[in-house]
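Report on the following structure.
Where a number appears in this text, it was derived from the coordinates with a stated rule and is not lab data. Only a predicted model underlies this, so the values are computations on that prediction, with no experimental measurement involved. Note that each Cβ is placed from the backbone with ideal geometry, even for glycine, and that neighbours are counted across all protein chains shown.
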Amino acid sequence: MARPGTKTAAFRAALPLSVPIMAGFVFLGITCGVYASSLGLPWWMPTLMSIAIFGGSAEFIVASMLPGAFDPLTTFAVVLVVQARHLFYGLSMLEPFKGMGRKKPYLIYAMCDESFSINYSARVPEGVDRGWFMTFVSLLNQSLWVVGCTLGGIFGAMIPLTVQGISFAMTALFVVIFLDQWLSEPCHASSITGLIATAAALLVFGTDNFLIPAMIAILIVVTAPRAKLEPIYSTRDDAEGR
Amino acid sequence: MTILQQVITVLVAGAATVLTRALPFVAFRNGAPRYVRYLGRVLPGAVFGLLVVYCLKDVDVFAGSHGVPEALGILVTGGVYVWRRDMLWAILAGTLSYMALVNLVFV
């Protein structure tokens, strides 16, 4: 069991690493909350999503689906694909999370992009308990996100529905992430496939049913030239990439 | 969706997320198969391309404002991002210019 003062020391070590995340999480959380409210969802829905899902991209997508028809299978498949990168965070954390006992389930559940990158790369100071350090990093990050989403939900509920265009925040978010990926990748084959295959599926299957066909098409198109693409893409680290 | 269906949808999305975060601790204790690692490197670009198109699914180039505000909003977002390399400013600038366009210009 932890010595007295262990948690305080771990909290003090974790706090400065969460500060740079703070502005981004609160801003994006508010944006996500306002976006969800602008779709006519209840003010508490962003809060529920920030606790149940805790992943920005997935929360935007799920919010956009909530006003439509009930289709849990598509939601499950889309979120699985959007969050698939976490599989590789888990692979990198197999060792660091060993022996974490009661903290392990929380550490796994709360492993968003930012908490993963801090916990994976941070050098825990001498004498600080690593388990509590990682727990506080995750807890601080998630608290900021939940607060941001809740504020956004409340602000959003106060903005009249006649103000058009707030929903573009989601488009802007994914344009930025796509561009960031584009500027850092060794080859654009996959990014271009994502755009073209999805646009083609949208034309063929229509706005309500195109996501699953698009994902299947992408999987086929990137798997077929695997022998050619694997050496090009293998220049990147396994754990990298959002 | 009813409120109950919305809550179920959110919980399903939460389960899918937890699955991606927990699966390696259950299934890939000795490393992931090579094909899975390949997909991990190659898919992110395609997934974000899919999400960009998903955001634009309701744009009709043959009617209304013909997708002009969306195209301009994307140009502003991308331009500010390439210029400042700051995600938050790019999103703010893109969203505000889009809102100005649809509320004031393309009414």
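Calculate I(q)/I(0) for chain A by the Debye formula, one identical point scatterer on each C-alpha and no solvent, and give its log10 at q = 0.07, 0.13, 0.14 Å⁻¹ to two decimals. Computed log10 I(q)/I(0) values: -0.28, -0.93, -1.06. Helices meeting the span-like rule in chain A (full DSSP H runs, Cα extent of at least 20 Å along the helix axis, mean Kyte-Doolittle score of -0.5 or higher): A:6-38, A:130-158, A:168-184, A:189-205. Averaged over residues, the count of other Cβ atoms within 10 Å places the peptides A:43-51, A:66-74 in the sequence A:43-51, A:66-74, highest first.
Projecting the alpha carbon convex hull of chain B along each direction and taking the average yields 10.7 nm². Only aspartates and glutamates eight or more places from residue A:7 in sequence, or on another chain, were considered; those with a Cα closer than 15 Å are A:126, A:129.
D for the stretch A:70-203, whole µm²/s, Stokes-Einstein with Kirkwood Rh over alpha-carbon pairs at 37 °C and 0.692 mPa s: what number? Walk me through the numbers before you get to the answer.
Values: Rh = 18.3 Å.
Rounded, D is 179 µm²/s.
Restriction of the chymotrypsin sites (Phe, Trp or Tyr not before Pro) in the stretch B:13-104 to DSSP coil positions whose beta-carbon has at most 10 other beta-carbons within 10 angstrom yields B:62.
Once the gyration tensor of the Cα atoms in the stretch A:185-242 is diagonalised, the equivalent ellipsoid follows with semi-axes of 25, 12, 9 Å, ordered largest first.
Of chain B, which part is the longest with no trypsin sites (Lys or Arg not before Pro) in a loop (DSSP not H, G, I, E, B) and with at most 13 other C-beta atoms within 10 angstrom? Write down the numbers at each step before the final one.
On the way: sites that count: B:29, B:85.
Maximal segment without exposed cleavage sites: B:30-84.
Taken about its Cα centre, chain A carries a charge dipole of about 720 debye when Lys and Arg each add +1 at the Cβ and Asp and Glu each add -1 at the Cβ.
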